[in-house]
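These notes concern the structure reproduced below.
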Amino acid sequence: MQSSSNWGIIATWRMAYEGISESAQMLAEDQDSTRAALHAVTRVEDYPYYKSVGYGGLPNECGEVELDAAFMNGDTLAVGALAGVKDLANPVLVAEALSRERFNSFMVGEGAREWALRQGFEEKPMLTERAQQHYVKRRRETIDRGLSPYAGHDTVGVIALDQQRKMSVATSTSGLFMKRPGRVGDSPVSGSGFYADSHIGAATATGLGEDLMKGCISYEIVRRMGDGLSAQQAADSAVWDLEQRLLERYGRAGDLSLVCMNNRGEFGVATNIDNFSFSVATATHPSTIYLAWREGKRTHYREADQEWLDAYQDRITAVVS
Ligand code: ASP
């Protein structure tokens, strides 16, 4: 049984660790959950070695980086999102600004970009040389051999709970590597990639957007927490049920990984892959990176050890050849 806490922050993947650790300090000092969530996500967007989010994100099949991001305020239920945008430094900040708009709060492509630039958000070429090298390599290994180019998943999703019991959630991604131009996944879609209601809790997803959206999975987890399930029960049961429904219909299910937190700072995680990493900190739980896996219907997790962390760092900075 987890102890409850008056603030907390949880994020998909190891890549959010540095950001959530800094944001944890902000929350401990009674800062707002919106600021904390945005801080953690922009930290990931700005780091060039994370190849699935922001600067350094991997391009679509035409070699262009198209970014999706979203923000939701759990007090007001306001949502802001943008999809398929090019060359904006911090899409998540634009999403938060959009959440404050009464109309036109979910925007795509050039219209979203123009609006962001008019608001003074920073323009930045987001394709790095390294991402380009990954692109060339991936084409060589898949498309050139007649194989499917789609692989991997790594959206950053951050949930923050502040001492005023306000919850915020934010996502940012370059989406599925080698996606078709214009393809949009779950990450900017309310209820699928994220959902937050400060009266209950919040959830956020990473994995195959096309499958995550079939279950409106983030909303479903929050709904189950609202029905009285613990965060862990809500996450495990919703992900399991979605996977069964996908298996019944298709005989397969894509990667589905979720984190959630209720408004008492108790968190949950569910995944159908091995070694899904996530990062969490609360007032009663030091900032930690965990690795999650599933046994039967239940997700288990253990703290990432130094060997895993070293191998991770080597992998993300290795020369692309
Ligand atoms: N969920 C994202 C998408 O489908 C991918 C990811 O999590 O990396 O766009």
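The values are calculated or read from the model by the stated rules, or taken from the named source; none is laboratory data. Computed from a predicted model, the values in this text were never measured in an experiment. Note: ideal-geometry Cβ built from the backbone for every residue, glycine included; neighbour counts use all protein chains shown. The area values use the complete protein model at the heavy-atom level, side chains included, leaving out ligands, DNA and RNA. Shrake-Rupley method; radii C 1.70, N 1.55, O 1.52, S 1.80 Å.
Within the range 40-59, not a single residue is in contact (Cβ under 8 Å) with a residue 60 or more places away in the chain, more than 22 Å from THR317 (Cβ to Cβ), in contact with a Lys or Arg (Cβ under 9 Å, 6 or more places away or on another chain) and not hydrophobic (A, V, I, L, M, F, W, C).
When residues in the range 205-230 are screened for being more than 10 Å from the ligand (Cβ to nearest atom) and not in a loop (DSSP other than H, G, I, E, B), 12 of them pass.
Among the residues of the range 91-102, just one is touching a residue at least 60 places away in the same chain (Cβ under 8 Å) and open to solvent by 10 Å² or more (accessible area, probe 1.4 Å), namely GLU96.
Is there a residue being more than 18 Å from THR155 (Cα to Cα), surrounded by 18 or more Cβ atoms within 10 Å (Cβ to Cβ) and away from the ligand (no atom under 16 Å from the Cβ) anywhere in the range 44-65? Checked the range 44-65: no residue is more than 18 Å from THR155 (Cα to Cα), surrounded by 18 or more Cβ atoms within 10 Å (Cβ to Cβ) and away from the ligand (no atom under 16 Å from the Cβ).
Which residue, of ALA95, ALA116, ALA131, is over 18 Å from the mean Cα position of the chain (by Cα), within 16 Å of the ligand (Cβ to nearest atom) and among the aliphatic types (A, V, I, L, M)?
Going through ALA95, ALA116, ALA131 in turn, the sole match is ALA131.
Here ARG245, ARG249, ARG180 are screened, and the one residue that is of a type in the set (D, E, K, R), out of contact with any strand residue (DSSP E or B) (no Cβ under 9 Å at 6 or more places or on another chain) and within 16 Å of the ligand (Cβ to nearest atom) is ARG180. Candidates are the residues of the range 74-90 that are crowded, with 24+ Cβ neighbours inside 10 Å and not aliphatic (A, V, I, L, M); the one that is nearest to the ligand (Cβ to nearest atom) is GLY80. Regarding the range 183-194, can at least one residue be identified that is away from the ligand (no atom under 16 Å from the Cβ), modelled with pLDDT of 95 or more, assigned to a loop (DSSP other than H, G, I, E, B) and touching a Leu at 6+ places or on another chain (Cβ under 8 Å)? No, the conditions are met nowhere in the range 183-194.
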